[in-house]
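Below is one structure, written out as structure tokens, with a few remarks after it.
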Amino acid sequence: MFKSIQWKIITIFLLLTLLVMIVVGTFLLQNISAYYHDDFATTLSAQAFTPLLRSELEAAARSDDPVGEITEIMNIYSIRMMIDSYRNYYVLSRDAARVLSSSDPEPIDVSITPNLISAMDGNVGSQIDRSASYMDYAYPITDRDGVRYIVYIVDSKDELYDIIRNIFINILWALVFGLLISAFLGLILSRTIIMPISNLQIRAEQLSEGEFGHRIEVKSRDEIGRLTMAFNDMASRIDRSLSDISAEKNKVEAILSQMTDGIVAFDQTGEMIHSNSAAKELSGIEDGITFTQFASALKVDLTLEQLNYLDRNRVVERQSEIGSRIIRVLFAPYADEAEKNGGTVVVMQDITEQTKLDMARREFVANVSHELRTPITTIKSYAETILDMAAEDTPETNFIRVIEQEADRMTRIVTDLLTLSKLDNSAKAAIDKKVFNLSDLVGSVVEKLKINANNLGLTISFKKEGDTSSFFGDKDRMEQVITNIVSNAVKYTPSGGSVEVVCSAKYTEAVVRVTDNGIGIPEKDLPRIFERFYRVDKARSRESGGTGLGLAIAKELVEMHGGRIDIRSREGKGTSVIISLPMVNV
Ligand code: ADP
């Protein structure tokens, strides 16, 4: 209680009053004491012992009854000398040894003081010793023979002490009243300051408990009034922001709960932050599990550390079989406000139907391709036989040659299709990964294609940057990818052009970039370029022996290695294909 501002203000007021009264009291008492002392000697010298009194006293000393006459004169002058019960006069013998007469009914024994000594020497003794318990004044009555009598006036100072006591008592009363008044004023003042502050304090407590409704009345325009207004303003802003945030939250929650895709979010420590009902329904997980428990429930070989290690824009995709369902699981690491690892969002999609359809389609393609192999081989061998039998070139032999070329093309298509269906069916397990030097492999592919490129009037160059010697992947499949991409660059670059191949290492990624200054790809075709059988210029592709499956196979193989393939191109200017592959196994 005594720590409150109210008590502090009251205490300051009381101390201030006490201090003022002490200073004023001391000053007053000192001045009164000084005046009383100074006034004693000056009044006696100037107003009482005037030249008239002096000559009267001297005349009396010479008379027949000197003591009687002096006493009479002193009685006449006693009012002027303020002789009363506190102040008496004494008529002393010249050596001050005897009291000859006095105003005091019970005269004291006069002791020798410095003033009396002066008087005995013939001088007026008017020294005041403020520390002494009395004040005295000694006047010598002289004639030709020297000092005859001494008039000695003694003041006991009791009057001064009475005055001081009275003033002191008055000051004490004034102090008591002053303290009461200042305590009262302090209380009123502190209340006017403290009431609004304690109102603010109560409101702040209400705010912290989530009550935003009340407003504090603004009673003044002073600093506290302005503080109250600012506080009210702040409360309504917080209220508005919280309603906005909660509306947004409700919206997001409604969207998440209505989604058919499962969404689970984990923080950077692997604790679950959110999961929607679709996620629980798809994977059978419970709320509150950790990332590790989640990964093992979905039989996914991923750890949070591996995901944190990844570049933020990368999404890692896995498939998981839960019961009879096939689920595509996408892991996307996200950054927090400080651009640090915030955690991971996992999206789960039920792809059971789609996978079944895909499998049926692929099976069909594989079967058809397989079935087509024998008739195509038969057509080709018959065409070759007819050509071998023909002695000279006739229009018919030319037709047969076309048949043979088309049979070759169909063989290539069927081979590519079988490669794709093999990739589709055997998926990852079929990849035979080991550590090898990627740049050496890229260099050997470039070397193999160099003769063909030079024959076509192209220059082809190879450059390596950084160390890719610890690349981990399937060497044969990588060779197929690089061959497809580099041979495309050669195929679609006219004579006189150039192809540049660069193999580099960037952090944990190996990047192979194949750039040509050939015919390029129109912008509208770029999004579909990796689709199976998609070709920009069918005639040109056919002419150069293309099947429209090269890029599709390359993409499939790169993705099986956990990498990505991008193509950038400008029609008429050239094309750049960028293959990014993780060096470690993700
Ligand atoms: P293709 O067997 O027809 O080359 P791909 O799948 O390898 O089939 O390529 C698909 C299509 O992409 C090609 O038909 C071609 O039109 C285009 N293409 C691929 N690479 C290049 C390139 N380097 N320059 C221009 N066009 C390209």
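Details
- If you go through the range 453-475 and keep only what is open to solvent by 20 Å² or more (accessible area, probe 1.4 Å), touching a residue at least 60 places away in the same chain (Cβ under 8 Å) and either hydroxyl-bearing (Ser, Thr, Tyr) or out of contact with any Phe, Trp or Tyr (no Cβ under 9 Å at 6 or more places or on another chain) (or both), you end up with just Ser470.
- Restricting attention to the range 205-228, the residues being within 30 Å of Phe13 (Cα to Cα) and assigned to a helix (DSSP H, G or I) number 6.
- Restricting attention to the range 532-579 and to residues that are within 53 Å of the chain's Cα centre (by Cα) and β-branched (Val, Ile, Thr), the residue that is nearest to Leu302 (Cα to Cα) turns out to be Val558.
- Residues of the range 142-173 satisfying the condition of being within 30 Å of Arg62 (Cα to Cα) and open to solvent by 50 Å² or more (accessible area, probe 1.4 Å): Arg144, Asp145, Arg148
- When the residues of the range 102-133 are filtered to those that are buried (at least 19 other Cβ atoms within 10 Å of the Cβ) and among the small types (Gly, Ala, Ser), the one that is nearest to the chain's Cα centre (by Cα) is Ser126.
- Filtered residues of the range 388-411 (kept if open to solvent by 100 Å² or more (accessible area, probe 1.4 Å) and in a helix (DSSP H, G or I)): Asp388, Met389, Glu396, Phe399, Gln405
- Hits in the range 244-264 (condition: over 28 Å from the mean Cα position of the chain (by Cα) and open to solvent by less than 60 Å² (accessible area, probe 1.4 Å)): Ala254, Leu256, Ser257, Asp261, Gly262, Ile263, Val264
- Within the range 1-47, tally of residues that are of a type in the set (Asp, Glu) and open to solvent by 80 Å² or more (accessible area, probe 1.4 Å): 1
- Any hit, the range 301-318, residues being modelled with pLDDT of 85 or more and at positive phi: no
- Inspection of the range 495-505 finds no residue satisfying the criterion of being under 19 Å from Arg412 (Cβ atoms) and out of contact with any Phe, Trp or Tyr (no Cβ under 8 Å at 6 or more places or on another chain).
- Any hit, the range 169-179, residues being in contact with a Leu (Cβ under 6 Å, 6 or more places away or on another chain) and closer than 28 Å to His37 by Cα: no
- All of (1) touching a strand residue (DSSP E or B) at 6+ places or on another chain (Cβ under 8 Å); (2) part of a loop (DSSP other than H, G, I, E, B); (3) of a type in the set (Lys, Arg) hold for Arg148 with one exception: (2).
- Residues that are under 29 Å from Tyr507 (Cβ atoms), in contact (Cβ under 8 Å) with a residue 12 or more places away in the chain and open to solvent by less than 100 Å² (accessible area, probe 1.4 Å) within the range 285-302 comprise Thr290, Phe291, Phe294, Leu298, Val300, Leu302, listed in sequence order.
- Condition check for Ser241: loosely packed, with under 11 Cβ neighbours inside 10 Å and either in contact (Cβ under 8 Å) with a residue 12 or more places away in the chain or under 30 Å from Trp7 (Cα atoms) (or both): no
The values are calculated or read from the model by the stated rules, or taken from the named source; none is laboratory data. This one's a predicted model, so the numbers in the text were calculated from it and none came from an experiment. Every residue, glycine as well, gets a Cβ built from its backbone with ideal geometry; the counts of neighbours run over all protein chains shown. Surface accessibility is based on the protein's heavy atoms, side chains included, excluding ligands, DNA and RNA. Shrake-Rupley method; radii C 1.70, N 1.55, O 1.52, S 1.80 Å.
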